[in-house]
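Trainee: Quick one: the structure is below, and I'll ask about it shortly.
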Amino acid sequence: MKHIRLMAAMLLYMSAYAQQKDYPIQPVPFTHVNVNDNFWKPKMQVNADITIPYILKMCKEHGRIDNFLAAAGKRENKVCSEFPFDDTDVYKWIEGASYALQVSPNKKLSLYLDTLIAIIGAAQEKDGYLYTFRTIKPAVLHEWLGAQRWQKDSILSHELYNTGHLYEAAFAHYNATGKKSLLNIATKNADLLVKTFGWGKVEEYPGHQIVETGLAKLYRITGNKQYLDLAKFFLDVRGPNGESYNQADKKVVDQTEAVGHAVRAAYMYSGMADIAALTGDKKYLYAIDKIWDDVVNKKLYITGGIGATGNGEAFGEAYDLPNMSAYAETCAAIASVYWNSRMFLLHGDAKYIDVLERTLYNGLLSGMSLSGNRFFYPNPLASVGQHDRSSWFSCACCISNMTRFLPSVPGYVYAQNNNDLYVNLFMSNSSNIKLASGKINIAQITNYPWSGKIELAVNPEKAGSLTLHVRIPGWAQQQPVPGDLYNSINTPMTVSMLINGKPFSYKVEKGYAVIHRTWKKGDKVSLDLPMQPQKIFANEKVKADAGRFAIQYGPVVYCLEGPDNKDSLVQNIIVDKMAPLQASYHEDLLNGINTITGDGEASKRQLNSSDLITTKQKVTAIPYYAWDNRGSGEMEVWIPYTAVAARPQPAATIANKSIVTASIKSKSLKAINDQFEPADSKDNTVPYFHWWPKKNSTEWVVYDFDTAHTVSSSKVYWYDDGPWGGCRIPAAWKIYYKKDGEWIPVKTIGDYEIAKDKYNTVTFETVKTIALKLEVQLPVDNATGIHEWIVE
Ligand SMILES: [Zn+2]
């Protein structure tokens with residue numbers, strides 16, 4: 001009996017793999033790529049040593065594990081955390097921990113995983129359903145849940161989102177350990193989904209995508225085609241009558257533009273790529289090709305970040321890429337890497353790796369501090385100090401996503417197709433790869449991304465012919481990103497390549513130097529990519545970058561940060577677009593980085609004149625990913641080369657010389673007297689201060705003057721991001737002055753004006769005082785914000 005079962009299982013396995021269609025190009029698994037460089041290896045080590053234990057601790061402290069225990073009946077029927085998708089943090093942690101185990105065995109971690117998986121198994125209902133927020137049977141169901149299973153999944157419940165992360169974790173855990181404990185939980189759940197969803201059954205689409213790629217992975221492991229069919233169903237059932245917010249306003253095959261929530265979108269495009277690869281469906285391919293063009297030509301930050309607006313965590317309009325308010329969620333950067341890697345596997349074109357590499361080294365890596373325990377959710381491209389990494393978020397998606405992603409980085413270095421071997425990323429490593437013609441060891445020695453010199457050692461077990469595809473990055477050919485969103489004006493750059501020290505001719509196809517020859521042990525390819533500071537300019541349709549350039553050195557995008565520049569200021573800096581820039585390596589700075597320096601100017605406003613005062617100064621840039629590791633402060637990626645684009649240091653007005661305090665603690669107090677003029681009340685591209693999420697309360701801001709001043713008027717520009725945001729102009733406001741330690745209302749001449757999109761002025765009988773207080777009555781249902789408060 002046992003024997004027959006084993007035979008049946010083997011047959012199932014063989015038939016599944018014999019018939020399985022998949023990506024024509026396959027990645028070389030990260031377990032075969034032993035990265036030993038000075039850049040990624042230490043970061044993966046920090047993830048293993050610091051981040052993984054830290055996130056487990058935080059998951060415990062923030063009720064994530066207790067939810068599973070409660071669902072398993074091992075503690076009281078109480079939900080112990082805030083969001084129905086909190087289960088995914090545990091699944092993502094398992095994924096990261098499993099991947100880390102594959103690289104360096106850890107008995108304690110392995111044992112803990114077993115325990116945790118047993119708890120998850122106990123939290124699973126008999127028929128396979130697994131979703132702690134319902135199974136716990138709390139006295140009151142969370143408002144995002146329908147009374148019935150999956151009833152509100154297309155809106156808010158995230159039941160299928162949790163499930164998708166369960167499958168992703170099960171795939172990782174099974175591959176890492178060979179144990180089926182989590183896989184069995186996952187397939188039991190997937191079998192329930194197969195029974196429940198489909199044409200003629202429940203015809204609902206997942207509100208937050210990821211179950212599609214998860215099911216594709218389960219299909220790859222088990223060969224059970226029902227999982228693949230279900231993944232395709234979940235895509236085909238989307239649209240056309242839903243919201244663009246979750247890409248359900250059109251059938252997926254009719255979508256041509258990236259819209260809505262960026263993480264959901266990029267997970268969905270990844271799912272479409274998987275199904276296209278696994279089924280050969282050309283319609284999916286056509287749609288994601290179009291959408292990809294839309295993103296890289298119109299909606300991609302120079303850092304690789306996607307999803308420009310916090311309003312719905314979504315893609316913005318074409319070319320609308322604000323810097324200070326950039327959302328560019330860490331999860332979206334990770335999702336973009338998943339998507340671009342799949343696009344490469346489908347098409348074999350290096351342009352996808354160009355986007356992947358840009359994202360990896362910049363807008364993704366910025367998501368975590370060098371210390372491994374502080375995280376960005378949005379990744380802005382400019383700051384006056386209001387942004388700072390955080391140790392935790394109640395919605396912890398970006399944190400757990402980072403830890404599941406980092407250990408898998410070596411998996412993006414190589415790919416293969418029969419006897420074609422692709423070298424996509426550059427980092428020192430030694431890798432054993434099995435090609436159709438036999439085994440080969442390939443090794444890289446490089447100091448990338450600080451140097452463009454790469455030594456590739458090709459050591460086949462026995463001499464034989466194979467085709468090496470070495471990626472020539474777009475950045476090395478003045479093409480920072482495919483398309484015309486960004487361009488570079490530097491002098492021509494030359495890529496040089498030698499085999500065994502001698503020049504040779506090669507053709508370039510789809511962004512790769514294609515080298516077809518008979519390779520033998522000891523063969524060496526020396527690649528020299530032209531690394532130099534490059535100035536990048538945005539398409540003129542990107543208003544936010546007008547009159548500005550960004551600095552790039554190899555794949556790394558740079559920024560100016562306070563600690564490296566005079567008076568810790570950078571918003572006031574102007575650098576001529578022809579100014580020479582120099583790179584130099586600093587071993588002791590931010591774990592070892594290249595800085596870029598050049599000559600620039602600082603600009604400052606003056607009283608009673610619109611002319612700016614400019615003074616020459618040295619300007620220093622650091623890699624964008626490394627900012628905010630020395631405390632929060634000023635930062636800027638896009639550097640003005642015209643005075644019009646700069647944000648000069650404020651003039652020494654009464655307001656600007658004052659010490660600002662408010663009824664709440666805020667990193668944005670500086671915005672109130674920074675003299676940055678908004679375009680209108682909802683302008684979030686310049687700093688503003690706000691009281692959100694407070695409402696219907698009386699709040700205040702105080703200016704403590706440097707000395708007693710005689711004042712008789714005051715004007716306020718309110719921040720109001722209605723109708724979507726949470727701030728409105730106030731219900732009322734009032735000015736007080738300080739007299740003998742008491743706050744006395746000023747005697748106004750006329751009314752307190754309350755209007756949007758302009759300064760609201762009040763004049764009053766002259767007083768001599770050392771402080772003014774602005775009292776604000778918040779509207780009943782909203783907060784209020786302040787762009788600027790001027791005193792005269
Ligand atoms: Zn996130």
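For every residue, the table says whether it meets (1) part of a helix (DSSP H, G or I); (2) surrounded by fewer than 19 Cβ atoms within 10 Å (Cβ to Cβ).
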site: L589; (1), (2): no, yes
site: V619; (1), (2): no, no
site: A651; (1), (2): no, yes
site: I664; (1), (2): no, yes
site: I672; (1), (2): yes, no
site: V686; (1), (2): no, no
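Trainee: Inside segment 155-205, can you point out the residues that are surrounded by fewer than 17 Cβ atoms within 10 Å (Cβ to Cβ), in contact with a helix residue (DSSP H, G or I) (Cβ under 6 Å, 6 or more places away or on another chain) and on the phi > 0 side of the Ramachandran plot?
Mentor: G198
Trainee: Kindly indicate which of A476, A457 is in a helix (DSSP H, G or I) and either open to solvent by less than 10 Å² (accessible area, probe 1.4 Å) or over 20 Å from V542 (Cα atoms) (or both). Full working, then the answer.
Mentor: Values: A457 fails: in a helix (DSSP H, G or I).
Checking each option against the conditions leaves just A476.
Trainee: A further question follows. Assuming V660 fulfils every condition listed in (1) closer than 21 Å to K566 by Cα; (2) outside any loop (DSSP other than H, G, I, E, B) apart from one, which condition is it?
Mentor: It is condition (1) that V660 fails.
Trainee: Give segment 484-510 a look and list any residue that's under 30 Å from K543 (Cα atoms) and crowded, with 17+ Cβ neighbours inside 10 Å, or say none.
Mentor: Selection gives L485, Y486, S488.
Trainee: Across segment 688-706, which residue is least open to solvent (accessible area, probe 1.4 Å) among those that are charged (D, E, K, R) and outside any loop (DSSP other than H, G, I, E, B)?
Mentor: Among those that are charged (D, E, K, R) and outside any loop (DSSP other than H, G, I, E, B), it is E699.
Trainee: Looking at N447, is it surrounded by fewer than 23 Cβ atoms within 10 Å (Cβ to Cβ) and farther than 26 Å from S505 by Cβ?
Mentor: Details: surrounded by fewer than 23 Cβ atoms within 10 Å (Cβ to Cβ): yes; farther than 26 Å from S505 by Cβ: yes.
Answer is yes for this residue.
Trainee: Picking from A97, A122, which residue would you name as being more than 16 Å from N162 (Cβ to Cβ), assigned to a helix (DSSP H, G or I) and open to solvent by less than 10 Å² (accessible area, probe 1.4 Å)?
Mentor: A97
Trainee: When you scan segment 565-595, how many residues do you find that are touching a Lys or Arg at 6+ places or on another chain (Cβ under 6 Å) and free of Cβ contacts under 8 Å to residues at least 40 places away in the same chain?
Mentor: So the answer is 0.
Trainee: Given the conditions (1) assigned to a strand (DSSP E or B); (2) open to solvent by 10 Å² or more (accessible area, probe 1.4 Å); (3) out of contact with any Asp or Glu (no Cβ under 9 Å at 6 or more places or on another chain), report the number of the one that K715 does not fulfil.
Mentor: So K715 meets the others, but not (3).
Trainee: When you scan segment 140-192, how many residues do you find that are in contact with a Lys or Arg (Cβ under 8 Å, 6 or more places away or on another chain) and over 16 Å from T88 (Cβ atoms)?
Mentor: Qualifying residue count for the region: 4.
Trainee: Moving on. For M635, only one of the following conditions fails: (1) of a type in the set (A, V, I, L, M, F, W, C); (2) over 30 Å from Y361 (Cβ atoms); (3) in contact (Cβ under 8 Å) with a residue 24 or more places away in the chain. What is its number?
Mentor: Failing condition for M635: (2).
Trainee: Mind listing whichever residues of segment 18-45 are of a type in the set (A, V, I, L, M) and buried (at least 19 other Cβ atoms within 10 Å of the Cβ)?
Mentor: Once the filter is applied, which keeps residues that are of a type in the set (A, V, I, L, M) and buried (at least 19 other Cβ atoms within 10 Å of the Cβ), segment 18-45 yields V28, V33, V35, M44.
Trainee: Please enumerate the residues belonging to segment 454-473 that are at pLDDT 95 or above and over 20 Å from V33 (Cα atoms).
Mentor: Hits for segment 454-473 are I472, P473.
Trainee: Is there a residue being in a helix (DSSP H, G or I), within 16 Å of the ligand (Cβ to nearest atom) and open to solvent by less than 10 Å² (accessible area, probe 1.4 Å) anywhere in segment 375-385?
Mentor: Checked against the condition, which is being in a helix (DSSP H, G or I), within 16 Å of the ligand (Cβ to nearest atom) and open to solvent by less than 10 Å² (accessible area, probe 1.4 Å), segment 375-385 yields no hits at all.
Trainee: Kindly check whether there is at least one residue in segment 467-488 that is of a type in the set (S, T, N, Q) and farther than 30 Å from D320 by Cα. Break it down stepwise before answering.
Mentor: In the first step, residues of segment 467-488 are kept if they are of a type in the set (S, T, N, Q); the result is 467, 477-479, 487-488.
Still in the list and also farther than 30 Å from D320 by Cα: 467.
Yes, that holds for at least one residue.
Trainee: A follow-up question, please. Determine whether segment 390-402 contains at least one residue that is away from the ligand (no atom under 15 Å from the Cβ), outside any strand (DSSP E or B), buried (at least 18 other Cβ atoms within 10 Å of the Cβ) and not basic (K, R).
Mentor: No: segment 390-402 contains no residue that is away from the ligand (no atom under 15 Å from the Cβ), outside any strand (DSSP E or B), buried (at least 18 other Cβ atoms within 10 Å of the Cβ) and not basic (K, R).
Trainee: So, in segment 403-444, of the ones that are part of a helix (DSSP H, G or I) and away from the ligand (no atom under 16 Å from the Cβ), which residue ends up most open to solvent (accessible area, probe 1.4 Å)? Reasoning before the result, please.
Mentor: If we filter segment 403-444 for residues that are part of a helix (DSSP H, G or I), which is where we start, we get 403-412.
From what is left, the residues that are away from the ligand (no atom under 16 Å from the Cβ) are 407-412.
Values: P407: 8, S408: 13, V409: 0, P410: 6, G411: 13, Y412: 35 Å².
Ranking the qualifying residues of segment 403-444, first place goes to Y412.
Trainee: Still on this structure, please answer the following. When you scan segment 201-208, do you find a residue that is among the hydrophobic types (A, V, I, L, M, F, W, C) and under 25 Å from G312 (Cβ atoms), even just one?
Mentor: Looking through segment 201-208, none of the residues is among the hydrophobic types (A, V, I, L, M, F, W, C) and under 25 Å from G312 (Cβ atoms).
Trainee: Only one of these is part of a loop (DSSP other than H, G, I, E, B) and on the phi < 0 side of the Ramachandran plot: A579, A583. Name it.
Mentor: A579
Trainee: Further question: Does W724 satisfy being at negative phi, assigned to a strand (DSSP E or B) and touching a residue at least 40 places away in the same chain (Cβ under 8 Å)?
Mentor: So W724 does not fit the description; no.
Trainee: Could you please tell me which pairs satisfy a Cβ distance under 8 Å, a separation of 6+ or placement on different chains, a first residue in segment 241-252 that is of a type in the set (S, T, Y), and a second residue that is outside any loop (DSSP other than H, G, I, E, B)?
Mentor: So the pair list comes out as Y245/H261; Y245/A314.
Trainee: Which residues, counting only those in segment 61-80, are in contact with an Asp or Glu (Cβ under 8 Å, 6 or more places away or on another chain) and not in a loop (DSSP other than H, G, I, E, B)?
Mentor: R64, N67, F68, A70
Trainee: Same structure, new question: Show the residue pairs that are 6+ apart or on different chains and have beta-carbon atoms under 8 Å apart, the first residue being within segment 380-400 and closer than 15 Å to S369 by Cα, the second being polar (S, T, N, Q) and within 12 Å of the ligand (Cβ to nearest atom).
Mentor: C398/T330; S400/T88
Trainee: Now for a separate question. Pick out the one residue from K524, K541 that is in contact (Cβ under 8 Å) with a residue 60 or more places away in the chain, assigned to a loop (DSSP other than H, G, I, E, B) and open to solvent by 30 Å² or more (accessible area, probe 1.4 Å).
Mentor: K541
Trainee: From the set of residues in segment 253-267 that are surrounded by 24 or more Cβ atoms within 10 Å (Cβ to Cβ) and assigned to a helix (DSSP H, G or I), which is nearest to the ligand (Cβ to nearest atom)?
Mentor: Across segment 253-267, the extreme among qualifying residues is V263.
Trainee: Within segment 125-154, work out how many residues are surrounded by 15 or more Cβ atoms within 10 Å (Cβ to Cβ), closer than 16 Å to T196 by Cα and more than 32 Å from the chain's Cα centre (by Cα).
Mentor: Selection size over segment 125-154: 2.
Trainee: Just a yes or no: is a residue in segment 595-610 part of a strand (DSSP E or B), closer than 14 Å to P449 by Cα and open to solvent by 10 Å² or more (accessible area, probe 1.4 Å)?
Mentor: no
The values are calculated or read from the model by the stated rules, or taken from the named source; none is laboratory data. These numbers come from a predicted model, not from an experiment. No Cβ is skipped: glycine too gets one built from the backbone with ideal geometry, and neighbour counts run over all protein chains shown. Keep in mind that these areas ignore ligands, DNA and RNA; they rest on the heavy atoms of the full protein, side chains included. Shrake-Rupley method; radii C 1.70, N 1.55, O 1.52, S 1.80 Å.
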